[in-house]
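A.B. asks: Would you mind keeping the following structure in view while I ask a few things?
The values are calculated or read from the model by the stated rules, or taken from the named source; none is laboratory data. All of these numbers come straight from a predicted model, not from anything done at the bench. Neighbour counts run over all protein chains shown; Cβ positions are idealised from the backbone, glycine included. Accessible surface areas use protein heavy atoms only, side chains included; no ligands, DNA or RNA. Shrake-Rupley method; radii C 1.70, N 1.55, O 1.52, S 1.80 Å.
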Amino acid sequence: MATAAEGLLEASAQPTKQDPAVETAEEAKEPPEADINELCKDMFSKMSTYLTGELTATSEDYKLLENMNKLTSLKYLEMKDIAINISRNLKDLNQKYAALQPYLEQINLIEEQVAALEQAAYKLDAYSKKLEAKYKKLEKR
């Protein structure tokens, strides 16, 4: 039995061929205490940088939104001023139209009278032609 154990020890001590497809496991060793402290400090430093970047980005987003809100507010104020001017001009135009309304009614009345006068002139022309024809007929007799 002793020889079998010695053979195993010798076999394990002998260099074996390493298959490139086979990985060998190494025993996990804990880093020394000082390295853990340094790694923790490094981790907290990087986490601080990351969080600072995230907060800065969020702050920049809020500043951008604030600027956009200010610009939008200014645009709405401009649009409000334009709407007020349009309303004022529309009221002025309505007042002018109301002032012109009696004259427009007179023009419509005159237009109707001219149309009636034109019809009377056509009737008179037709009557005068009939009368002329009768006169010529009587003159021929």
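A.B. asks: Residues to consider are N69, N37; find the one that is modelled with pLDDT of 95 or more, surrounded by 10 or more Cβ atoms within 10 Å (Cβ to Cβ), part of a helix (DSSP H, G or I) and polar (S, T, N, Q).
C.D. replies: Going through N69, N37 in turn, just one is modelled with pLDDT of 95 or more, surrounded by 10 or more Cβ atoms within 10 Å (Cβ to Cβ), part of a helix (DSSP H, G or I) and polar (S, T, N, Q): N69.
A.B. asks: Now for a different question. Need pairs with beta-carbon distance below 9 Å; first residue free of Cβ contacts under 8 Å to residues at least 12 places away in the same chain and within segment 85-114, second open to solvent by less than 90 Å² (accessible area, probe 1.4 Å); sequence gap 6+ or separate chains.
C.D. replies: These pairs meet every condition: Y97/L104.
A.B. asks: Same structure, new question: A126 fails exactly one of the following numbered conditions: (1) more than 58 Å from the chain's Cα centre (by Cα); (2) open to solvent by 100 Å² or more (accessible area, probe 1.4 Å). What is the number of that condition?
C.D. replies: Condition (2) is where A126 drops out.
A.B. asks: Restricting attention to segment 83-123, which residues are open to solvent by 100 Å² or more (accessible area, probe 1.4 Å) and among the hydroxyl-bearing types (S, T, Y)?
C.D. replies: If the condition is that a residue be open to solvent by 100 Å² or more (accessible area, probe 1.4 Å) and among the hydroxyl-bearing types (S, T, Y), then Y97, Y103, Y122 are the ones that fit.
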